[in-house]
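Here is the structure we will look at, set down as structure tokens.
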Amino acid sequence: MDGRTPSSPDFAPFAEQLAGLSLPVCAFDHQGRCLLWNREITRWLGWNAGQLAGPSPLALLFPDPAARRAVKKELGRRPAAGFHQWSPRDSQGRSCPGLWTLLELPGVRLFIGQDLRRRQLVETQLGLAARILDNIDVGILITDARRRILLANPAVCRITGYEAAELLGRTPALLASGRHPDSFYREMWRSLEQQRRWRGEVWNRRKGGDIYPQLLAISALCDEQGRVGHYLALFSDISQLRAENAELEHIAQYDALTGIPNRRLLADRLVQAMARTHRHGTRLAVCYLDLDGFKQVNDQYGHPAGDRLLIEISRRLKQILRPYDTLARLGGDEFVLLFADLPPGDDLASVMPRVLATVAEPVRLDEGQARVSASIGVTFYPDDEVEADLLLQHADQAMYLAKQGGKNRYRCYDSAQQQHQHARQLQLQQLEQALLLHQFRLYYQPKVDLHNGDLVGLEALLRWQHPQQGLLVPGAFLSQLNGTRFESQLGRWVLEQVLHQLDLWQHQGLVLEVSLNIGADHLLQADFADQLEQALARHPAVAPGRLELEVQEVAALHHPQQAALVLERCHRLGVRIALDDFGTGLSALSFLRSLPLDLLKLDHSLISDMLTNSDDLSLVSSMLHLAHSVHRPVLAEGVESPELAALLLRLGCRFAQGYGIAEPMPAERIPDWIRGWQGNALWVDLKDRFAGG
């Protein structure tokens with residue numbers, strides 16, 4: 001299009017079609033600014049739209065002041081619509097006589113011209129109008145003052161389905177859909193009487209009965225005395241536009257994968273539901289649901305399979321909900337269930353187990369069968385009387401507690417619990433900062449052979465050199481890391497530090513073995529064995545057999561198959577494996593045989609009261625018997641006295657560590673301790689006891 005697209009919203013739907021007509025067409029607003037200047041008029045007059053962009057385009061077209069005044073006078077009449085013979089100047093200054101049809105639209109004057117130099121003057125005004133009507137895709141109706149249809153162009157017939165003969169003499173009421181009340185039409189005609197124009201969207205009916213939306217502009221055409229002689233209506237079918245808008249609105253409010261509401265629509269419904277609770281004296285529940293094990297499905301079967309699982313879970317959950325409840329997907333594997341209009345006291349105790357059971361049912365995929373569970377956090381409004389976004393946040397926090405509590409369960413929001421959780425998050429941030437500021441230290445506690453006094457290794461124990469609280473032991477902070485991403489990050493740091501220290505001791509002539517604890521979540525990561533292999537490769541001078549991984553018994557019992565696979569890979573690298581806290585997890589013989597274990601460590605809680613508690617003594621004796629039956633050596637933790645050491649030796653446990661042997665110490669003190677160990681009181685007393693026996 002050579003001319004500019006008009007800014008008037010009334011004119012915009014028709015501008016593109018007018019610009020493409022094979023007739024010269026231009027349009028101006030009532031301030032004289034050029035809104036449209038098509039290619040045909042450019043070929044005729046030579047001017048282009050850019051040249052007419054100034055404040056007074058008439059000065060270019062009618063340089064003679066008298067001619068310009070005559071044109072302005074005709075344009076100033078009301079109504080100005082009609083046919084005019086004007087002779088504008090072309091870009092070469094030549095007069096171009098033409099016949100112009102002027103249509104007065106809302107805010108726009110539309111001129112359609114004909115070059116009288118190239119066409120016979122005998123072409124009538126009606127013939128010219130007929131060409132316009134036949135070439136335009138916009139429906140044009142002209143009625144008389146009594147609203148009887150006098151003219152309908154072909155576009156009207158295409159849009160409405162009526163033949164022109166069926167419309168002539170009838171009123172536009174023939175097209176009414178019945179959707180609009182009488183007040184709508186009264187307001188329309190009031191606008192036409194007072195302002196001589198009306199514009200808007202209406203619903204009309206086609207001949208076949210289909211109802212469709214229409215963009216409509218009506219102008220009243222008046223004679224010189226101001227009396228209405230005709231009405232001009234221009235309209236277009238906007239069904240496709242409406243459908244596209246509806247599709248865009250659906251995309252904006254619904255999740256593309258599952259078809260359920262997204263975060264935006266959920267927010268709207270949540271606000272509405274909160275308002276209803278106050279009006280009706282009810283309550284609502286916001287349930288934040290996160291799938292457990294979804295990442296493993298993606299990793300094992302691929303993302304397309306994961307998508308199909310999400311679709312199936314969404315379908316199942318929708319079947320549980322009532323028609324006025326909402327299921328929304330926030331993204332990934334996170335969903336929100338909104339239970340509205342609950343009676344007072346309803347705590348969803350009967351509903352939430354059904355939700356958990358529904359999610360936990362196996363899902364058949366093309367690639368195999370998948371199983372996930374759900375961790376759900378629930379908060380109730382107005383019990384939890386906060387804004388909508390905080391309700392979601394509180395439900396999210398409760399969900400996190402459910403996941404920490406073992407997954408496949410739900411937890412209700414509790415402000416006291418959340419304060420504790422907030423304090424935990426704060427400490428976790430401090431721990432992450434401590435790692436960046438190099439505040440963590442590794443201390444080493446010796447492990448000895450009670451039979452001959454040999455040093456058999458060291459255990460690396462974490463300490464936090466807190467800037468205000470001093471040196472903190474793991475019990476003061478390590479539990480805060482369970483289940484967090486920082487647990488594995490800190491675990492990788494400890495592994496790297498231990499290997500580095502082994503390297504340093506080797507350069508000092510000390511060939512030592514060191515064990516370190518591995519957190520359950522860190523160990524069960526899919527790439528843990530790869531992390532270990534890469535760490536060993538960075539320290540080629542350290543033999544893998546000098547490194548021992550201590551795995552908590554409870555963690556291995558909870559995930560026996562996965563733990564066995566990971567530990568087997570680590571064992572093949574040459575690394576030793578020890579089962580920590582042996583005796584606290586009710587180990588079975590089959591379980592011990594399934595893991596590649598080099599050592600079992602008796603927990604200090606079993607050792608400390610052996611001398612005074614016969615039950616503990618019997619339990620330790622049984623655990624040692626179990627260990628010997630699977631040919632696994634045992635090390636006892638918490639050995640504080642020669643009496644304990646002697647009793648353990650008599651029971652068949654020859655390896656030990658504890659404060660009676662040595663307290664944990666910095667790496668630089670280890671060489672001195674080794675040199676002085678033979679003079680340790682416990683060892684001297686133990687030698688004397690057995691030498692005398």
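Details
- Neighbourhood net charge (13 Å Cβ-Cβ; Lys/Arg +1, Asp/Glu -1) for Pro666: 0
- Within the full protein context, the accessible area of Val351 is estimated at about 30 Å² for a probe radius of 1.4 Å.
- Using a cutoff of 8 angstrom between alpha carbon atoms and counting only pairs six or more residues apart, the relative contact order for the chain works out to 6 percent.
- In the stretch 179-224, GluC sites (Glu not before Pro) in a DSSP loop with at most 13 other beta-carbon atoms within 10 Å: Glu224
- If both residues of a DSSP beta bridge must be in the stretch 364-522, then about 65% of such bridges are antiparallel.
- Cleavage-rule hits, chymotrypsin sites (Phe, Trp or Tyr not before Pro), the stretch 637-693, DSSP coil, Cβ neighbours within 10 Å at most 15: Tyr659
- Calculated FRET efficiency for the pair Trp189/His250, C-beta based, R₀ 35 Å, to 0.05: 0.45
- Every helix of 4 or more DSSP H residues in the chain counts as -39500 (n - 2.57), and over all residues that averages to -12500 deg cm²/dmol at 222 nm.
- Approximate spin-label separation Asp341-Arg572, in nm, with each point projected 7 Å along Cα-to-Cβ: 6.1
- Rounded if a/c under 1.5, otherwise prolate or oblate - the chain, Cα gyration tensor axes: prolate
- Extending 7 Å from Cα along the Cβ direction at Trp203 and again at Ala267 yields two label points whose distance is 3.0 nm.
- Accessible surface, 1.4 Å probe, highest first, among residues Ser375, Ser641: Ser641, Ser375
- Backbone N atoms of the stretch 149-183 closer than 19 Å to the 7 Å Cα→Cβ label point of Ala243 belong to residues 158-161.
- If you plug the beta carbon distance of Arg322 and Asn452 into 1/(1 + (r/R0)^6) with R0 = 60 Å, you get a FRET efficiency near 0.20.
- Only protein heavy atoms count here; on that basis, with a 1.4 Å probe, Glu163 has an accessible area of about 120 Å².
- Distance between the pseudo-spin-label points of Arg593 and Lys72 (7 Å out from Cα toward the beta carbon): 11.0 nm.
- For the stretch 143-216: rounded, prolate or oblate by the Cα gyration tensor [a/c cutoff 1.5]: oblate
- Three-way shape label, the stretch 220-362, alpha-carbon gyration tensor, a/c 1.5: oblate
- For the chain, the share of DSSP beta bridges that are antiparallel, to the nearest 5, is 80%.
- Rounded to 10°, Cα long-axis angle of helix 528-537 versus longest principal axis of the chain: 70
- Square roots of 5 times each gyration tensor eigenvalue, C-alpha, the stretch 189-300, largest first, Å: 51, 22, 11
- Between 0 and 90 degrees, the angle of helix 65-76 with respect to the longest Cα principal axis of the chain falls at about 70 degrees.
The values are calculated or read from the model by the stated rules, or taken from the named source; none is laboratory data. Everything numeric here is computed off the predicted structure, so don't read it as measured data. Cβ atoms come from the backbone with ideal geometry, glycine included; neighbour counts cover every protein chain shown. Heavy atoms of the whole protein, side chains included, go into the accessibility calculation; ligands, DNA and RNA do not. Shrake-Rupley method; radii C 1.70, N 1.55, O 1.52, S 1.80 Å.
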